[in-house]
1. Can you sort E99, E49, E148 so the residue with the fewest Cβ neighbours within 10 Å comes first?
2. Work out which helices of the chain, taken as complete DSSP H runs, extend at least 18 Å along their axis over the Cα atoms and score a mean Kyte-Doolittle of -0.5 or more, then list them.
3. Please rank K124, K56, fewest neighbouring Cβ atoms within 10 Å first, as an exposure proxy.
4. For the chain, what is the convex hull (Cα atoms) projected area averaged across all directions, in square nanometres?
5. What ranking of V211, V29, V7 emerges when the number of other C-beta atoms within 10 Å of each C-beta is taken as an exposure proxy, fewest first?
6. Does region 5-84 come out rounded, prolate or oblate by the C-alpha gyration tensor, with a ≥ b ≥ c the root eigenvalues, rounded set by a/c under 1.5 and, if not, prolate when a/b is larger than b/c and oblate if not?
7. Can you give the helix-only mean residue ellipticity at 222 nm for the chain, where every DSSP H stretch with n ≥ 4 adds -39500 (n - 2.57) and the sum goes over all residues, rounded to the nearest 500 deg cm²/dmol?
8. So if I place +1 on the C-beta of Lys and Arg and -1 on the C-beta of Asp and Glu, and nothing else carries charge, what would the dipole magnitude of the chain be about its Cα centre? I want it in debye, nearest 20.
Amino acid sequence: MQPPGDVLDLFGIRVIQPLGGRLNQHWLVHGQGEQLVLRRWDKSECDIEFELRLLKDIAAMGWPVAPAVGEPVESGGWIWSLFPFLAGSPPSLEDPIAEQRARGRLMAEFHVALAQLGDHGQRKGWRRCEAILGDMDLDCVLAEHEHERPEEVRILRWHLDRSRERIATLTLHSLPGTIIHGDFTAWNLRYSGGRLSGILDFELAHYDHRVGEFALCVSLIFRADGLHIARIRQA
């Protein structure tokens, strides 16, 4: 699929190649004398505004992220934005333990920076982990599938109960949170010349506890072919 011609004309760009995406779709394009990235958002306007403001503020602190070039435009029922292209390659996975340790140190540094951001509020449709674990809908979903998959439900219920017991002693609701990236993985990092050149994909960034970067709370969804786990995103 190619972006419509009117979008290309509005931005004054031409497509080089598609880059894909999970929800948002991306294309490598050429315009303004350089390579850029065109995004078709699969988001609401307030969700887009949250991410664009976040990227702008993180870039202002000197981190290699891609704040939008100009304002978004609407065409064909979609919202489109243009971003700088962050060159580089993902970190080597030849030594996965070394990569994980290096990424952990980088994540710690990044969290320190994120904690300095002003009040960005919560991303629409997201909650902090204690609110998710306290959602009684989790119990309803487990009960609905207890007869067809008793062992899986027993294991999940055990972990849910232990998690609730643990957070009850921590009074997480009274603790401050921070913005987290939400998907701080090797494929979302870029390096050039041995230096960090890009942090990509803030699609899951939201306000939570730092530990949420390591183990996002989960809800359960069931399909005909089995039991699956997915992150809760809806309030």
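Nothing in this text is a laboratory measurement; each read-out follows from the coordinates by a stated rule. If you're wondering where the values come from, they're calculated on a predicted model, not measured in any experiment. Here Cβ is always computed from backbone atoms with ideal geometry, including for glycine, and neighbour counts include all displayed protein chains.
1. Details: E99 16, E49 13, E148 10.
Going from least to most buried by this count: E148, E49, E99.
2. Details: long enough: 45-60 (23 Å, 0.21); 96-114 (26 Å, -0.05); 150-170 (30 Å, -0.82).
Sorted by number, the helices that extend far enough and score high enough are 45-60, 96-114.
3. Details: K124 17, K56 12.
In order of increasing Cβ crowding within 10 Å: K56, K124.
4. Numbers: hull surface 62.7 nm².
One quarter of the hull surface, i.e. the mean projection, equals 15.7 nm².
5. Numbers: V211 11, V29 24, V7 20.
Listed from fewest to most nearby Cβ atoms, that is V211, V7, V29.
6. On the way: a/c = 1.67, a/b = 1.20, b/c = 1.39.
It comes out oblate by the Cα gyration axes.
7. Calculated at 222 nm, the ellipticity per residue is -10000 deg cm²/dmol.
8. Details: 26 positive and 33 negative charges, 103 e Å.
So the magnitude is around 500 debye.
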